[in-house]
Amino acid sequence: MTHGIRTDTHSTRLDGPRGLRDTAAHYALLPLRVFLGITFVYAGLDKLTDSAFLKSGGAGSIGETMRAARGSAAVPALIDLALKSPVGFGYGIALGELAVGIGTLLGLLGRLAALGGALISLSLWLTVSWATSPYYYGNDLAYLMAWLPLILAGAPYLSVDAAWLTRRRRRSGGYR
């Protein structure tokens, strides 16, 4: 029996022309990155422009929302901590969502932005949407899972990170 080397295997090329399969695989995370980036920018701007949200009490306020979620949260201590300064916490979440969204869209510190998005989604899942039943009706867990591929892959193309890495490789003489 003769054994040989397979020559028909599929491989992704780092340079040169790409086939449809290579191109699709290369850009597979782009729709997820754009969706999460736009969603988090929108969520941050929505909070910052909602006059009712950034108050410690009243209908639609961050304080009222947290007090209502406290009894059913998986980690009520997180809510207690936020309730020490609900308006400050509201600004923190809004600005955090905005920073994560912009970083994700631009691919600026892509893994760090994705980690920030995952931590925001995790904190919302453990507090506000923990009691959602069945669990798959709550969107915060799905957002948390959506951030994981971007934490692993970063923003390797169409991004500030990719441009920086390309410049760095050219200066150092290529891939290492």
Being open to solvent by 10 Å² or more (accessible area, probe 1.4 Å) and not in a loop (DSSP other than H, G, I, E, B) is the filter here; which residues of region 83-96 pass it? Leu83, Pro86, Val87, Gly88, Phe89, Tyr91, Gly92, Ile93, Leu95, Gly96
For region 14-48, name all the residues that are in a loop (DSSP other than H, G, I, E, B) and under 19 Å from Pro149 (Cβ atoms). Tyr27, Ala28, Leu29
How many of the residues in region 62-83 are within 24 Å of Leu98 (Cβ to Cβ) and more than 24 Å from the chain's Cα centre (by Cα)? 3
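Looking at Gly107, Gly101, can you tell me which residue is closer than 27 Å to Val160 by Cα, open to solvent by less than 10 Å² (accessible area, probe 1.4 Å) and modelled with pLDDT under 95?
Values: Gly101 fails: modelled with pLDDT under 95.
Just a single option satisfies the conditions, and that option is Gly107.
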Unmet requirement for Tyr157, which otherwise passes all of (1) open to solvent by 80 Å² or more (accessible area, probe 1.4 Å); (2) aromatic (Phe, Trp, Tyr); (3) in contact (Cβ under 8 Å) with a residue 40 or more places away in the chain: (1)
Kindly provide the set of residues from region 49-70 that are in a helix (DSSP H, G or I) and open to solvent by 40 Å² or more (accessible area, probe 1.4 Å), ordered by number. Thr49, Glu64, Thr65, Arg67, Ala68, Arg70
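The values are calculated or read from the model by the stated rules, or taken from the named source; none is laboratory data. Computed from a predicted model, the values in this text were never measured in an experiment. All Cβ positions, glycine included, derive from the backbone under ideal geometry; neighbour counts span all protein chains shown. Protein only, heavy atoms only, side chains kept; ligands, DNA and RNA dropped before computing areas. Shrake-Rupley method; radii C 1.70, N 1.55, O 1.52, S 1.80 Å.
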